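These notes are about the structure you will find just below.
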Amino acid sequence: MSAKIFDVFIYSAATVVILSIISSATQAERELKEKADSIDAVEIKEPLIKEKQDKTSEIIFTSQSSCAPCQAFKRDCVESLKKAGWRITEANPDSRATPSFDMRLDGKVVASKTGYKNRKLFFQWIRNVVETNR
């Protein structure tokens, strides 16, 4: 009988720990989403990309026609970035997953990223890289 009580106790404790971990992860994900949602693409496009500065600022990305995130990036971001003065170059896929991105500022690659979730997170990445490399 005491072995069953011990098993129930261990199971209950493990359940509490697992639920606590899930709750923490959910809260962290929620905070990240709120931060990403608070960034307006227009806010990013205007001050940030105008400051960037020269004709050697470029986003090089690899893409495949069968890649849904690649097509979403093209649809969501390419025209806005071009209008803001960025050079956008599509390259053949390399050994990385697609889409993958290299950001070139002042003629040198300063950051790389693989994957595309949405416009806001992508523009947040641009902001962080540009601010870091000022």
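Some observations on this one:
- Close pairs from segment 89-105: first within 14 Å of residue 125 (Cα to Cα) and assigned to a loop (DSSP other than H, G, I, E, B), partner among the β-branched types (Val, Ile, Thr) and at pLDDT below 90, Cβ under 9 Å, at least 6 apart: none
- Residue count for segment 55-87, restricted to those that are in contact (Cβ under 8 Å) with a residue 24 or more places away in the chain, of a type in the set (A, V, I, L, M, F, W, C), touching a strand residue (DSSP E or B) at 6+ places or on another chain (Cβ under 6 Å) and surrounded by fewer than 17 Cβ atoms within 10 Å (Cβ to Cβ): 1.
- Residue that is nearest to residue 115 (Cα to Cα), among those in segment 84-102 that are among the small types (Gly, Ala, Ser) and under 18 Å from the mean Cα position of the chain (by Cα): 100
The values are calculated or read from the model by the stated rules, or taken from the named source; none is laboratory data. In this text the structure is predicted, and so the values were computed from the model without any measurement. When we count neighbours, we look across all protein chains shown, and the Cβ atoms used for this are built from the backbone with ideal geometry, even at glycine.
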